[in-house]
Structure formats: structure tokens, C-alpha cells
Amino acid sequence: MVKDVNYDVQDLSGGDVTATGFEPSPSSGFWSRLHERIVIEGGENRRSNPDMDPVPPEKRTWSAMDYVTYWISDNFSPSGWRKAASLMQIGMSWKLALINVAVSEVIIALVITANGVVGARYRIPFSVQSRAAFGYYFSYLMIAMRMIVGIFWYGTSAYTGAECVRSMIYAIWPSFHHVENRLPAHANITTQFMIAYFIYWVSILPLHYIHISKIRFLFTVKAITLPIIGFGMMGWTIKNAGVGNNSLWTAGNTVHGTALRWVFMQGMYSNIGGWATLAINSPDFTRYSKRVRNTYTMAIALPFTATLIAFFGVVGAGGSKVLWGTILWDPLLFIDNWTSKGGRAAAFFCAFGFYLSQACSNISANSISAANDLNCMFPRYINIRRGQFIVSILGTWALTPWNILTSATTFLSFMSGYTVWLGPICGILVSDYYFVHNRKYNIWELYDQHGIYRYNKYGINWRAAAAFTIGWVPLLPGFLPKVNSSIHVIQGMTNLYYCGYFYGFGSSMLTYWIFCKLWPAKETMLDYAVYVDDEVLTHAGRDVEEGVAVEVDSLAEKTASESEKTK
């Protein structure tokens, strides 16, 4: 038996609104008391919690410059440095590779910015936004798919972060090169690397404790230090190696004609796919912007910084061939060759900069996004902070990325091809906001499991389900050979797969719009948008028991009344 008690509901102005709820009686057993302890503050008897609710004014702290520094720090990383390498290896010259990077990044930047507007206007994460298009319960499938990708990439990015730590240790103690390996060969990781991996994991944990509304200062630090490192490495390379006599600079495309065109498409698919997850969950961080227009800077900052760091990689690779007789696409391998006393000091500074970049990118692009997804699935028990620690443990240790990166090439191909599903999801989200609902959502109905965005008793918007299926099924034949080389399909299916993001995004966006025009969900079509009120947070998402009174002030009642009018 439970007793009635009062609990506080935080409103956006910082005041309290008294409401009636329940808590276990003092005579409850151990498990009841433990359950009471682990419930999130503000998540009692709710289908939401403060991290899932619309962002209050005091946490809207991101300026336009913060989004610029975010993308500078995200792109100035080891993976960004290596970006041109894969394109040159499949047949492009360095010039065409850079053009490919620039075009790809412009396209995906526009998609990320367009979808991010939803978060900036309504102050909600992707997990809540997705309900408007997919339905209250069907959206959980999309959330789970995005969460799996986030956890996977967190683990593989942690591996790269450990490489940065190893280079830092090499620079301080060169004898670390000769640490005896005491792990068996089938472990797929050495004692030396396990030490670096553990140091990276422990060092990044405190960063998970910082709320996303406050972590932007790290991006500012990275935006200052990393361009210095990039220009410094490029200047050193040009001074010591030059670029004029290197075959890397004089070599042209190794494929031509029709084959080159499809290689170019393959490269665009790869580059766009790298940001496919962020294109979906960009509202997770745009919701913290001070103003909507602050997010527009992403459309310029992303492609410019991505192309610049790729050019640094090309210069470094060309210089390494002259200096050491081999092409080094990895900046960490590049600086490991600086073995003089002064060189090791510079190597440490560069490795530390890349470490900081990798750590912050892993948090912003992977852990916070996956934590938001966990937050939506278990709002009573998991907030963003707890979710990040869970993602860290799962991605770093349960996933054992050293086994994946060493032996599971088919799994890597599978994850790279995950864009097959992510493109259609993003296309439907963009179509729903801009073309179907004409940018008009009711913020409170998105938190109501019985609201207008439930669509039917199953909580599934069949229009989105059909468009999603149309977006990914035709790409499956071209995707399967990437996972299993024994499977052979006609070249046309492979070519369609290389256009995967364009097809998946475009076809789902168009077919979803057509379905909604022919069979509109009239209850979701609003005459005006209902935004979060800056002065009070009503009981959004609260699961109120029948017969339990909830006291809110007159402004909250007015907001609830407006919500009722839109139904």
C-alpha cells in the first residue's frame, strides 16, 4: 500500500508548483527503498525528467561562436586528418579527394542545420522530436537504432583516443616502446596498448559529469589549440620535406571515366555517412542555443574545417614519403617519428591536442547522443549524466573495440553501412517538420502518450513506417556484399548503394510527404505552433494517476488549455 505525499515540480522560472504524488511508505522493504534512491530527481511518476523536458532559459547557453568552435574541435581530429586517405586509396587524386570532402560536407552540413532548427525552436531532443513523425511508440525503434550506433562509435573512438595517449607516453618515456607484452595473442591487444587504453578511459570519465550546457568551454580550448597544431605540423612538413618533387602531388586519378564517377559517389557516401548519426540527433545540442539563428553557423563551420584538416592530412602524407620513405596518413604515426629531445616535446603537445579533440568529440557526437536515447527509454532512472557513464562502460569495455578493429572487418563494414537506415530516418524527420506539419508542433502533445502524436492505439504512424521501408529495402542488395564477400549482386545494385544516403533520404522524404498528403493525420495538423512557455514548465510527460489532483498556476492551465484546442 502507498500513501499520498507532496512532491515539487520545478518550473522554468525556478519556482515550485505543488502537486500530489506517491512514495513508498516507511515500512517498505530494502528493494523499495533502493528503488526510491535510484529514481531520478524530477522523474517520479513521470514519463520524462528534467534532462528530457524542454530546456529552460538558464540552460540555453550556446552562442553562434560555440557552434563554430564545436565543429572546429570535432573535425580537427585523427579521423578528420585521415579523411582524404580513403579517397586516394580508391583512385582519386589529392585534388579530387579534397573536392569530394568539401562537397560532401556542404551537403550534410545543410541537413544537420535544417534538422537542428527543431531543437533550437522547441528545445527538445531528437528522442522527443521523433514522436511527431513516427508516432509515440514507433519512435522508440528509431531511438534504439541511433543509440546502438552511438555506443559502437564511442568504443571505436576510445580506441583512437588511446592511440593519442600512447603517443603522449612515447614522447615522455621512449622506453615505453619496449614494454613487454604479457597478454596472449588471441586477446588482440598488447599490454602496452591496454595501459594507454585504461588511462584514456579513466581520464575522460570526469568530462562525462559536465552538463552539455556547460561543456562548450572545452570546444573553445580545442578551437584555439588544434588549428595551431595543424598549421604547425603542415609548416614543419613543408619546410623539411617540401612538396614539389613528391609523386603524391603529381599523381592523377588512377581510375577514369564511368568508374571514376562511381568512385566519387562512393567517397561522398562514406563522408556523408560519417555524419549521418549527427544529422539525426542534432537537436540534442541545438536545443541549448541562445537563439535559433545561432545554429546557422554550422552550415559554414562544418565543411570549411573538415576540408582544411583533410588538406593537412594530404600535406603530412606527402611529406612523410619524402622524410621517411613511407606514406603516413595517421598524424599520430607521423609525430611518433619526432625522436629528438625537442621533437618529443612537440610530439607530446600535438598528441595531447589530438587526445583532447578525440575525447571531446566522443562526448559530443557519441556519449551525449546515446545518453539522450537511454534517457528517453528509462526516464525515471537515467538522465544524461548517468547515461553517459553507462555508454562509456558499454562502449569501452563490453564492446571490446580492439577485437572489432583487429578482426571483425565485416562488422566494421556493417556499421559503416548503417547509413542505409539512418538516411531514411533523417529524411522523414525533415519532411515531417518542414513539409507535412509546416513547422507547427504542439510541444506538450509530444510528451503525452495519449496525445495527437500517438496516431493510433499502437502508437505507430504507418505513413512513416511505409516511407522508412521504401527508403532502405532497395539498398539492401548492394549492402550485403559489404558484409559477406561471397554474396554477389549486379553492378546496378552496388551503384545504388553508393548513392545510398541520397536515395534513402530523398525517397523517404518524398514518399512520406505524399502519404501524408493523400491520407493526412488531421488531428496533428495545427493552425499555430505551441512552443514551450519561457515562464513555466507544465506537467509535460507526467503520468498522472486518475483521481489525483495536480495543482498548477493559471499560466500553466492556459498552456494546457491551448494544447486542448489543437486536438
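The values are calculated or read from the model by the stated rules, or taken from the named source; none is laboratory data. Quick caveat, the model's predicted, so the values are computed rather than measured. Every residue, glycine as well, gets a Cβ built from its backbone with ideal geometry; the counts of neighbours run over all protein chains shown. The protein model used for the area step is the full one, side chains on, heavy atoms only, and it has no ligands, DNA or RNA in it. Shrake-Rupley method; radii C 1.70, N 1.55, O 1.52, S 1.80 Å.
Whole Å is fine, so just give me how far the alpha carbon centre of the stretch 298-320 lies from that of the stretch 129-170.
Measuring centre to centre over Cα atoms gives 24 Å.
Which value, in Å², gives the accessible area per residue of the chain when a 1.4 Å probe is used on the protein heavy atoms?
Accessible area per residue, the chain: 42 Å².
Apply 1/(1 + (r/R0)^6) to the Cβ-Cβ distance of residue 487 and residue 99, taking R0 = 30 Å, and write down the FRET efficiency to the nearest 0.05. Kindly include the intermediate steps, with their values, before the conclusion.
Details: r = 32 Å, r/R0 = 1.08.
Approximately 0.40, to the nearest 0.05.
How much length is gained if the chain between residue 456 and residue 89 is pulled fully straight, taking 0.36 nm per residue apart and subtracting their Cα-Cα distance, in nm to one decimal? Please list the in-between numbers first.
Details: separation 367, 0.36 × 367 = 132.12 nm, distance 5.02 nm.
My answer for the length gained is 127.1 nm.
Please give the residues of the stretch 365-386, grouped as numeric ranges, whose backbone N is less than 15 Å from a label point set 7 Å along the Cα-to-Cβ vector of residue 209.
385-386
Toward the positive end of the charge dipole of the chain, about the Cα centre and with charges on Cβ (Lys, Arg +1; Asp, Glu -1), which of 506, 62, 333 goes farthest?
333
Among the listed pairs 239/321; 83/214; 440/517; 83/321; 59/222, give every one whose C-alpha distance is greater than 20 Å. Please list the in-between numbers first.
Working: 239/321 14 Å; 83/214 30 Å; 440/517 16 Å; 83/321 18 Å; 59/222 22 Å.
Check vs 20 Å cut-off fails for 83/214; 59/222.
Please work out the FRET efficiency for the pair residue 187 and residue 393, using the Cβ-Cβ distance as r and a Förster radius of 25 Å; give the result to the nearest 0.05.
Values: r = 19 Å, r/R0 = 0.77.
Given R0 = 25 Å and the Cβ-Cβ separation, E is 0.85.
Report the full-extension gain for the segment residue 172 to residue 256: residue separation times 0.36 nm, less the Cα-Cα distance, to one decimal in nm.
Details: separation 84, 0.36 × 84 = 30.24 nm, distance 4.70 nm.
Fully extending the segment from residue 172 to residue 256 adds 25.5 nm.
What is the gain in length, in nm to one decimal, between residue 527 and residue 440 on full extension, counting 0.36 nm per residue of separation less the C-alpha to C-alpha distance?
Working: separation 87, 0.36 × 87 = 31.32 nm, distance 0.77 nm.
Roughly 30.5 nm would be gained on extension.
Just the number, please: carbon plus sulfur as a percent of the accessible area of the stretch 62-532, 1.4 Å probe, no ligands or DNA/RNA counted.
Values: 11930 of 17800 Å².
Carbon and sulfur together cover 67 percent of it.
Exposed loop sites here are chymotrypsin sites (Phe, Trp or Tyr not before Pro) in DSSP loop states with at most 13 other C-beta atoms within 10 Å. What is the longest stretch of the chain lacking them?
Working: sites that count: 209, 458, 528.
Between the exposed loop sites, the longest stretch runs 210-457.
For the pair residue 239 and residue 403, how long in nm is the line joining their label points, each one 7 Å along Cα→Cβ?
Inter-label distance under the simple model: 4.7 nm.
For the chain, what is the mean residue ellipticity at 222 nm derived from helices alone (per DSSP H run of n ≥ 4: -39500 (n - 2.57); sum divided by total residues; nearest 500 deg cm²/dmol)?
Working: 26 runs with 339 residues, N = 567.
-19000 deg cm²/dmol, from helical runs alone.
Between 422, 317, 158, whose Cα lies farthest towards the positive end of the dipole of the stretch 62-532 when Lys and Arg beta carbons carry +1 and Asp and Glu beta carbons carry -1, centred on the Cα centre?
After comparing all options, I get 422.
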